[in-house]
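Please treat every number below as a calculation from the coordinates, not as lab data. On a predicted model such as this, the values are computed, not experimentally measured, just so you know. Methodologically, a virtual Cβ is constructed for each residue, glycine included, from the backbone with ideal geometry; neighbour enumeration extends over all protein chains shown.
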There are 2 protein chains.
Amino acid sequence: MADATVAAAEAPAAAAARRPRAGILVTGSELLLGQTQDRNSGWLAGRLDEHGVRLERVLTVDDDGAGIEEGLRELLDRGVDLILTSGGLGPTHDDRTVAAVAAVVGRRLVVDEPTLHRIDEITAAFAAGRGLDPAAWSHGNRKQASVPEGAAVLPPVGTAPGVVVSVGEQRVVVLPGPPSELQTMWATLPAHPDLAHLLGGPAGPRRTLRLYGTPESQVADVFAALGGDGHGTETTICASRSEISVVIRDAGGGEGAVGHLADGLEARLGAAVYATDPRPLEKLLVDRLRSARLTLATAESCTAGLVASRLGAVAGVSDVLLGGVVSYADAVKADLLDVPTALLERHGAVSAAVAAAMAEGARRTVGADLAVSVTGIAGPGGATPGKPVGLVFLHAAGPDGGRALERRFRGDRQTVREWSATAALHLVRALVEDGPDRT
Amino acid sequence: MADATVAAAEAPAAAAARRPRAGILVTGSELLLGQTQDRNSGWLAGRLDEHGVRLERVLTVDDDGAGIEEGLRELLDRGVDLILTSGGLGPTHDDRTVAAVAAVVGRRLVVDEPTLHRIDEITAAFAAGRGLDPAAWSHGNRKQASVPEGAAVLPPVGTAPGVVVSVGEQRVVVLPGPPSELQTMWATLPAHPDLAHLLGGPAGPRRTLRLYGTPESQVADVFAALGGDGHGTETTICASRSEISVVIRDAGGGEGAVGHLADGLEARLGAAVYATDPRPLEKLLVDRLRSARLTLATAESCTAGLVASRLGAVAGVSDVLLGGVVSYADAVKADLLDVPTALLERHGAVSAAVAAAMAEGARRTVGADLAVSVTGIAGPGGATPGKPVGLVFLHAAGPDGGRALERRFRGDRQTVREWSATAALHLVRALVEDGPDRT
């Protein structure tokens, strides 16, 4: 079985070779020191995949100039068609990406005057708004407007322009570090004259299956029983935050092989498959509620707003999510969610009865069609006899009844909270799709 | 100025060379396809730094065996003392890290019987709890219990054991991908007999300054005016989510040089320095409130629970954060936060007056000493004439008055929400530390 998989992965190399190849170079000592997290390479990876570009590796290096130059040379030497860099475009001494790119490609740095003018305008407006002296920015602005001679300049979103440098047939695209700047600038790349031949292509046949409530081992067994990738597919099975994502891509077998495998998995694992598109769970749920003309409220104890906040990331969610209550204190459960004090005393705040009362209370006080509640012990403290860390009760309430769920999550505080929030979103989905529990 | 900085960075190479050097190899096609984000390398980077280990680079590769082997060889060839790998220990066909490590170091894979027994117990309990057949796990368990001959086994936290492989003086530590498993397993490493010589050392002199409310350019200018790293320090200046973190490390100048630079920065930027330790802002605020014996409530519109949820990540926060309200709908602002309808009609929900009323209302209805509110336009929709996307009003209310804040954030929906939440936490801090606005 394992051998068959390996053989299959090697056979379609010719098909894969036609796709553009890319590498990402992430710069920043703050990343190597753990001061901040890289949020760009994963996002860029998804965009490259959408454009049918094969990302071979991501390399994160120190932002001293030598490290960036070394990393850049390595990626160029691999022969990839496209290198994206992220970060190191700021005004401070440790922002050295543009200078390093210029050194590697053997060009001198020149100030791009239109860009300098644009950055000066932006920082002057910022300074004026705060009563600061715009001269404080002049040195940094000049640095940020310096680009390798002959490079194409991508207009700044914040104060840093991007650059596209051509090295023979290879392209190096230098992008800013702040995720929102990088993402906005990315939108201009597929149509850029120097990049359209790399980013203009279709992604090729693929199918996505997203599963909840089944172990990864079982997905792996079903996949193996169906012959794995033996018919010219390339499949990734990825478990994250209690959900499993399966993406099946063409690797020589064409659309037929992709569809055959996807259909086989769906037939055997159907009950656990909740989506076949890449929309985030939050977006999927908001769309589902909107099309059913249902409004939602939240009542959160151990997740403390995480369910509402995840939904809040979806643009336009305020049509659907009317509001919610974060209720750590029992008095808040009683006062804002009408949970009877007697119920809290009898069952304790972490109980199925209180979860149900919280959800019913949130429906009434917020005035929503549906409400979902979470109460549990996120840890590390708070466990009592019979109520261990990780024990969580959830309830989704609707006009015709509710769905209850008791889970025992393993892991640290953040894991328990995240898995609980995911479970809450799926519980609402189940209530809408499958109706209330039969009692 | 720039030249002096470069020269200084080169001079202390001898001092830096005494520190152990490390590389991280992250495996997972799902990362290169953008299906999931790497949350491990940044966390490991912080831990390595705490132990005085210099992380040189992070390499993320495809999880086909050849890619992992190639990446591992590259890191070994760099001569680093320690290589940490993350991911690829699962039961599925695309989990190939252990086999790749064995191939690179020239050892065969053997089943570690005690580990297999342990994993069988874990999966049998899981299967029993859900009425599933434990045999579904047997193939995967045997795979997960296979380790390179002669390797030290790190007991599984989930179902995957870690391994420590010695290659001459170099050490390869294979860790699982799920962040909570990796973090729990990490705790056993500093005392591990094969690793204590690398992870047992102190981190060396360092000072941290964390700033809020000052532009990165100004921090850079003050840093430069103080001579930069010219006296044997190594400084990183990192802006993230509207906060700036400055870490000054020893690079030959010793504790005196570190302290001199840190004191200089603090003297000139003091008003913006809010912390000198690495505690997360949320933890810092919860500790501050607890020591002042103050309780807190939240009232969130555009952040929709993000403020409460970020505080909820702090263990023991329920002593301090009693609860809160998420109020997208005006009816929720009126019903649960007692915001007068007339005020909503006159000023609109996104206004200083409504922000103040939300905070005052949350104090009363939740029964907390302090409350903080956020109302704004996160975008992309929702802008009205005079109220653009990114406009946010915040208010922190206390028994003796409040602090009001109006901000206009640039960026996408998630940026506006995150920056707003950070501003809300700082506003509470300012209320506690500096008292209410004078009116």
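Okay, here's what the table says:
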{"item": "Computed magnitude of the charge dipole of the stretch B:20-199 (debye, nearest 20; Cβ of K, R +1, Cβ of D, E -1)", "result": "220 debye"}
{"item": "Antiparallel bridges, percent of DSSP beta bridges restricted to the stretch B:281-434 (to nearest 5)", "result": "60 percent"}
{"item": "Estimated vicinal HN-Hα couplings, Hz - the stretch A:63-70 in sequence order (Karplus 6.51, -1.76, 1.60; Gly, Pro = x)", "result": "8, 6, x, 5, x, 5, 4, 4"}
{"item": "Net charge of neighbours whose Cβ lies under 12 Å from the Cβ of B:Val26, counting Lys and Arg as +1 and Asp and Glu as -1", "result": "-2"}
{"item": "Kirkwood estimate for the stretch B:206-275, i.e. one over the average of 1/r between Cα atoms, Å", "result": "11.7 Å"}
{"item": "Calculated label separations, B:Gly256, copies of the chain, 7 Å along the beta-carbon direction, nm", "result": "8.0"}
{"item": "Counting DSSP beta bridges with both ends in chain B, the antiparallel % (nearest 5)", "result": "60 percent"}
{"item": "Neighbourhood charge, 11 Å Cβ-Cβ cut-off, centred on B:Thr36 and excluding it, Lys, Arg +1 and Asp, Glu -1", "result": "-1"}
{"item": "Across the identical copies, how the A:Val153 labels are spaced - nm, sorted shortest first, 7 Å along Cα→Cβ", "result": "6.2"}
{"item": "Rotationally averaged projected area of the protein assembly as shown (alpha carbon convex hull; nm²)", "result": "35.2 nm²"}
{"item": "Whole-Å semi-axes of the stretch B:220-332's equivalent ellipsoid (Cα gyration tensor)", "result": "38, 16, 11"}
{"item": "Span per principal axis, largest first, for the Cα atoms of the stretch B:281-434 (Å)", "result": "44, 32, 25"}
{"item": "Over 28 Å (Cα to Cα) - which of B:Lys333/B:Lys387; A:Lys143/B:Lys283; A:Lys387/B:Lys143; A:Lys283/B:Lys333; A:Lys387/B:Lys283; A:Lys333/B:Lys333 fall in this group", "result": "A:Lys143/B:Lys283; A:Lys387/B:Lys143"}
{"item": "Mean residue ellipticity (222 nm) of the protein assembly as shown, computed from DSSP H runs ≥ 4 via -39,500 (n - 2.57), nearest 500", "result": "-12500 deg cm²/dmol"}
{"item": "Backbone HN-Hα couplings from phi across the stretch A:213-228 [Karplus 6.51/-1.76/1.60, Hz, Gly and Pro as x]", "result": "x, 9, x, 4, 4, 6, 4, 4, 5, 5, 4, 5, 5, 8, x, x"}
{"item": "Amide H contacts under 5 Å for B:Val326, placed H, 5+ residues apart", "result": "A:Gly324, A:Val325, A:Val326, B:Glu300"}
{"item": "Counting DSSP beta bridges with both ends in the protein assembly as shown, the antiparallel % (nearest 5)", "result": "65 percent"}
{"item": "Cα-centre dipole for the stretch A:281-434 with unit charges at Cβ (Lys and Arg positive, Asp and Glu negative), debye to 20", "result": "320 debye"}
{"item": "Hz values of 3J(HN,Hα) by residue in the stretch A:197-207 - Karplus curve (6.51, -1.76, 1.60), Gly and Pro given as x", "result": "5, 8, 9, x, x, x, 7, x, x, 7, 9"}
{"item": "Charge tally in the Cβ shell below 12 Å around A:Phe409, where Lys, Arg are +1 and Asp, Glu are -1, A:Phe409 excluded", "result": "+3"}
{"item": "A:Glu113 versus B:Glu169: modelled label distance in nm, points set 7 Å from Cα along the beta carbon direction", "result": "5.7 nm"}
{"item": "Neighbour cut-off at most 12 other Cβ (10 Å), DSSP loop, trypsin sites (Lys or Arg not before Pro), the stretch A:284-323", "result": "A:Arg293"}
{"item": "Three semi-axes of the equivalent ellipsoid, the stretch A:19-199, Cα gyration tensor, whole Å, largest first", "result": "26, 17, 16"}
{"item": "Per principal axis, descending, Cα span of chain A in whole Å", "result": "76, 66, 41"}
